[in-house]
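Below you'll find the structure, written out as structure tokens, and then a few comments.
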Amino acid sequence: MSKIICRVFGPQYQYTSFLSDVHTIDEFKWYVSGEAWPRITYANSYCPEDIVRHLSIQCFPACDERTVFWECFARGHIDVSGGSHRGTVSKMWHDSFYMYKRKNGTNKKEHSVPSADLLLGHFLAPISELTIEVHVDVIRSSLIDISSPENELIANAPDAARFAIEDELVYVSKTVLMAHSHFFNVLFTGDFLEKMADSEPYSLTGIQLEEFMHFLAIIHGLKEDIDPDSVKYLLRLGDMWECRAVMNRCKDYLRSPDADMSFGDRILLADRHDFDEIVTDIVEQISQQELRMFVQGGHHKNLSRYTSQLLIERHAFH
């Protein structure tokens, strides 16, 4: 088990942030960061006991190639000592870090995951120092570089299809693409096979590498999350390449009440792609205030007849 040490300095009544050095553990880089701020009471006076200290454990691959799928599951414990407290307080932690993981509570997709929240306010004297030790034990991990023609997602040499995208050459499984996409099933015949024989990669234009890799992550069953930005390009790719698995993954996101999108944006996307069952589910989830504002604002007029009528009926009924 490896250890990351970070020191936090007072004073107690001011905002404090901290950041450790970057440590390489196995094939990944790790660091610890956090921030602290005093909570203000209704009497506008500082309450030392309620100072909240937030700690993040962050992980990303040691290699910086854009063509790598990665995942790392780790666990360990956090030891906090120093300040006005005698002794050490420990907290266990575990988390899974992966390429398309959203940062909790935001719409940003990052490689940093808040993994532990600690109440450390009572440790800090007016001017003092805390020592935070984060112990990391990597349980399992994977790094798959699709720029290699022998990457783990390809069954054998004849299964490899070479694509050029954003100045990168990547190798993907023809078998998996054909199984999930009617577009690629038709593509992997005739002219394409002749080009492959001539060592000419198939060019994917107008598509970003990150978008294509997210598409691949879904059809290969790799761990990934969707956010308000990625659901849009995934719907576009899933529709263009006729991929049911990707479209269903997007449906699940739009249907979820935990989707970090507004009601209006979810309705618009579901309606645009004729997801009538998703539209019905979303309409049943919305509050009366959201429904009233949406209908009274005339936003329903740009929707399909089915969705528009469904909104009007629900609004009139209530």
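Available extension along the chain between Ser256 and Asp21 is 80.8 nm, counting 0.36 nm per residue and deducting the alpha carbon span.
By the count of neighbouring beta-carbon atoms within 10 Å, fewest first, Ile139, Ile25 end up ordered Ile139, Ile25. Neighbours of Ser173 by Cβ distance under 15 Å: Lys/Arg scored +1, Asp/Glu scored -1, total -2.
With R₀ set to 35 Å, the beta-carbon distance separating Glu150 from Lys232 gives a calculated FRET efficiency near 0.55. Here each label is just a point 7 Å from Cα along the line to Cβ, and for Thr205 and Leu268 those points are 2.9 nm apart.
Using 0.36 nm per residue and subtracting the Cα-Cα separation, the extra length available between Lys223 and Glu168 on full extension is 17.5 nm. Extending 7 Å from Cα along the Cβ direction at His94 and again at Gln309 yields two label points whose distance is 5.2 nm. Here the spin labels are modelled as points 7 Å beyond Cα on the Cα-Cβ line, and at Val186 and Gln285 they lie 3.3 nm apart.
Report the far tail of the P(r) of region 247-318, meaning the percent of Cα-Cα pairs longer than 16 Å. For region 247-318, the fraction of Cα-Cα distances above 16 Å is 39 percent. Projecting the Cα atoms of Val246, Gln285, Ala270 onto the dipole axis of region 226-318, where Lys and Arg carry +1 and Asp and Glu carry -1 at the beta carbon, places Ala270 farthest toward the positive end.
Here, each number is a calculation from the coordinates, and none is a lab measurement. Note that the structure is predicted; figures quoted are calculated from it, not measured. Neighbour counts are summed over all protein chains in view; Cβ atoms, including those assigned to glycine, are modelled from backbone coordinates with ideal geometry.
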